[in-house]
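J.: Mind looking over this structure? Questions follow.
Throughout, read-outs are computed from the coordinates displayed, never taken from laboratory work. Just so it is clear, the structure is predicted and the values come from calculations on it, not from any experiment. Note: ideal-geometry Cβ built from the backbone for every residue, glycine included; neighbour counts use all protein chains shown.
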Amino acid sequence: MKRNLFILSILLSLGLAGTVVALPDLFRPDLSVDGTTRAQTIDTLVARLDQHYVFHDKAKQIEMLLRQRQHDGAYGAITSGEQFAAQLTADMASVAHDLHMKVKFSPKRLRPGVEPDVMPRAASGAARGQHDGVENADHLSPAIGYLRISSFPPRTAVAGAYASALDKLSDTDALIVDVRDNSGGDPASVALLISYFVDRPTRLNDVWSRDSGRTTQTWTEGALDGRRYGGTKPVAILAGPGTASAGEDFTYTMQALKRATVVGARTWGGAHPIALYRLGEHFFAAIPHSRTISPITRTNWEGAGVIPDVAAPPAAALAVAQDMLRRQLDAAPSP
């Protein structure tokens, strides 16, 4: 008992804003979801959607659907927390079709008094501790480089890795960036990576926030730690259904800038930045609160995904891109 109380005191003293903290098993209540819990969860979810969801009209439509289903007794027989969260997620999706919007169940009690604002590691493949997301940076041939990025962790975790990778690949004449299995992450890291592929300050995306009502412009960075690859060497991006969120941001933005040729298949299709909101002791919701808008296309990839310039099965995309770049380099005039 003393050991458990000691662990609890440490957890409470951390006070980590932006995280969902599950308390030790000692304090886990009965996991059966009763009518009171279901009603409170729906009430809080509806309020959070009304306050924060990027499309307020859709939030009202979701509220109408949830209230109607609640009135009809559609949730009355659900006692499993996982099943209840999944049903709420499915009902919201039937109205909004927003891939980032979910209700999640935690079998452990969530620490009270905290409104999380980032996805906890257990709920997001994008978060990988201090991992920099750079899985491979090498030469496929003396002329063609290969860079595989599996996620976009926070900028502080990736700056050195990007610099090292681009330094290593700076002697190539063309580059393949592989994000076929990129789970997403931090848009600031996306902007940093794109900065290596342009020669001048470049406006990337605008982000409109429902909470503030303001639009913020995202630009490339000027001073970089590594060698700039530049804005003229051919770049191919490998993408597919496993390319999600910030991985799609990188792919979509490079394509819109006409800075890269996308090879592969349509990507996942989730564009809206999210925050997490605690709904109760065992439920939280991921609610998109902002909208990314390309200044070039005036839209984003939400629901549609990024459509490749060169269609290919994801497993064959590397060979297709390598052959395409080899032909481009062979056709280029000699310096």
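J.: Pull up the cross-link candidates among the lysines for Lys168, meaning alpha carbon to alpha carbon under 26 Å and not fewer than 8 places away within one chain.
T.: Lys233, Lys258
J.: Same structure again: Express in nm, to one decimal, how much length is gained between Ala315 and Lys168 on full extension, taking 0.36 nm for each residue of separation and deducting their alpha carbon distance.
T.: 50.4 nm is the gain from fully extending Ala315 to Lys168.
J.: How far is it, in nm, from the label point at His56 to the one at Thr215 when both lie 7 Å from their Cα along the line to the Cβ?
T.: Here the modelled spin labels are 1.8 nm apart.
J.: How far is it, in nm, from the label point at Ala331 to the one at Gln83 when both lie 7 Å from their Cα along the line to the Cβ?
T.: 5.9 nm
J.: Evaluate the distance, in nm, between pseudo-label points positioned 7 Å from the Cα of Asp323 and of Gln68 along their respective Cα→Cβ axes.
T.: Here the modelled spin labels are 5.1 nm apart.
J.: Under 20 Å between alpha carbons, and skipping anything fewer than 8 positions from Lys60 in its own chain: which lysines qualify?
T.: Leaving aside lysines fewer than 8 places away in the same chain, those within reach of Lys60 are Lys102.
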